[in-house]
Structures are given as C-alpha cells and as structure tokens.
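Just below is one structure, and these are the notes that go with it.
The values are calculated or read from the model by the stated rules, or taken from the named source; none is laboratory data. Nothing here was measured: the structure is a model prediction, and the numbers come from that model. Here Cβ is always computed from backbone atoms with ideal geometry, including for glycine, and neighbour counts include all displayed protein chains. We work out accessible area using only protein heavy atoms, side chains counted, and drop any ligands, DNA or RNA first. Shrake-Rupley method; radii C 1.70, N 1.55, O 1.52, S 1.80 Å.
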Amino acid sequence: MESLFAPGDWGLPNIVWMLIRILNIAFLIHALMRRDWLWAAFLAFGVFTGGGIFVTLFYAFTVFGPAMQGSGTRTRQAVRQTVKTTAEAVKTLDTRIQEAQQVLGRSDTLANRTQLANLYTRAKRLDDAQATLQPLLSGIYQDDPVVLLTSAELDLAQGHPAQAEAKLTQVELQTSASTKTRALTLLAAAQTQQGNATGAEATYQEAMQTATTEEPRVRYAEFLMDQGRTEDAQRVLERLLQVENEATPLYRRQEREWFELAGRLRRQLRR
C-alpha cells in the first residue's frame, strides 16, 4: 500500500523526510520506554508506512517536549544518545561513506582512515578500500589490531584468505571483547574459504561464547547452510529470532544488519 504521506505527495526535500523518519523512530523508542502503548502504535504505523508526519510532530510538541523539560540531565543524555544511534542506523551505506570521507578530510587519523576503508569494503569498492588503507600497512600502525582486522576483512573480500588468516593470528585477542569477537569471526571465514570446515566450526564456537554482537551467530548459521546442515542452521536462526523479539528497540537497531541477514537466511531455508 502506498503511503498517504509519501515524499512526492508533499513536495518536501528528501532530507526533510529523512529527518522526519529519524524522529518518528526515535519517538517510537521513547514511547516504548515510557510504556505508552497507544502512542507506540500510532508511531509504529508511521514507521512501517513511511509517513507519520502529523503524528511525529504532534508527539514532539505534546509529549516529547514537555517530558524533556521536566526530565533530569541523565535522562536527557540518554534520549540524545538514542536519537543519535537511531540516526546512524537509518543512514544508507553511501551516506555513511560520504560522511566518512569528509571526516577523514578534516582529520586523517587511524580511526577515521580504517572506518572509511571498512565502509568501502562493505560497499565492494575494494580498490578504494585498498588505497585508503595502504598508508597504514607499513610503519608504526601496521601491527595495530584495528589495522590488522580491517586489512584482513579486505583480504577476504579480495579472495585472499591465507593472507587474512596470517594477519588475524597476529591480533592480540585480549585487547577487548569486541576485538576478539571480530577477529575470530573473520578467522572462521578465512578458514571456510580455505576449505577448513573443522577449524571454522571450532572458531565460530569460540567466537559465539563471548560475542559482543550477533554477527558470529548469523555467520555461523550461514556456514551451516553452506555445509548442508540445514537443521542445525534452523536452530541457530530460531534462537536469533528469539533474541530479536526479546531485545530492546535500541539493540534491534544496533544489530539491524545481522537480524536482517538472519531473516533472509530463514526465508532461504523455507524455499
């Protein structure tokens, strides 16, 4: 069904509609946190139909604004963080790449350069990713965990799993839980590309034990499907669906990429 509030019907710029959509999602999270189910239903309708301009504006002036005026500093900070996280979640990959290019242009740091290289890799712009990462592959940063992880992911995308595995074995897994999760997930992918299914199985199991994201579980389900172990994959995907259903709205948005991939895999199994 086509939305009554489609951008073309009102002649507003696309950026205005993006801001309205961001506010619509942020207000939905706010209503759910307040357990205001009626408002949540109205705002959810706006999210899923692509409109909701009047509901969003009415909620902003009658509920959100007064609530912010009466709330404490900690609450206001939490709301601002929610809005920021929501805004990041609805951005397209091309938009994130453009923003990362601008950030790197203003400040050429390791974090900004690896972030842009990672986005290029996800967008399959491998030459751009290589050119962006190249200055970090020698000198004082070449052994940095972030550089090793970013470079290994690029190696996998380029079809060089052995090179990726060599870099991943240099990563200090005790640096942080997120570093360990990412390194082990990439290592399992490298082992899979090299035909080492037994090693990949063990690595995925280790990655899932202390995972800080749903990526290892989704990748493991994908691995099981490739191995023809559809029943095992189904169990993993059902567990992921349970996690998604029980998660907070903020966590669902944070892990949206992996929940969406899990949904595609479930549909693929039903064919």
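Here are a few things to note about the model shown:
- Out of Gln209, Gln227, sole residue that is within 23 Å of Tyr251 (Cβ to Cβ) and not hydroxyl-bearing (Ser, Thr, Tyr): Gln209
- For the range 248-271, the criterion of being more than 30 Å from Ile22 (Cα to Cα), open to solvent by 30 Å² or more (accessible area, probe 1.4 Å) and in contact (Cβ under 8 Å) with a residue 12 or more places away in the chain is satisfied by at least one residue.
- Taking the criterion of being more than 29 Å from Ala247 (Cβ to Cβ) and of a type in the set (Asp, Glu), the residues of the range 157-214 that qualify are Glu165, Glu172.
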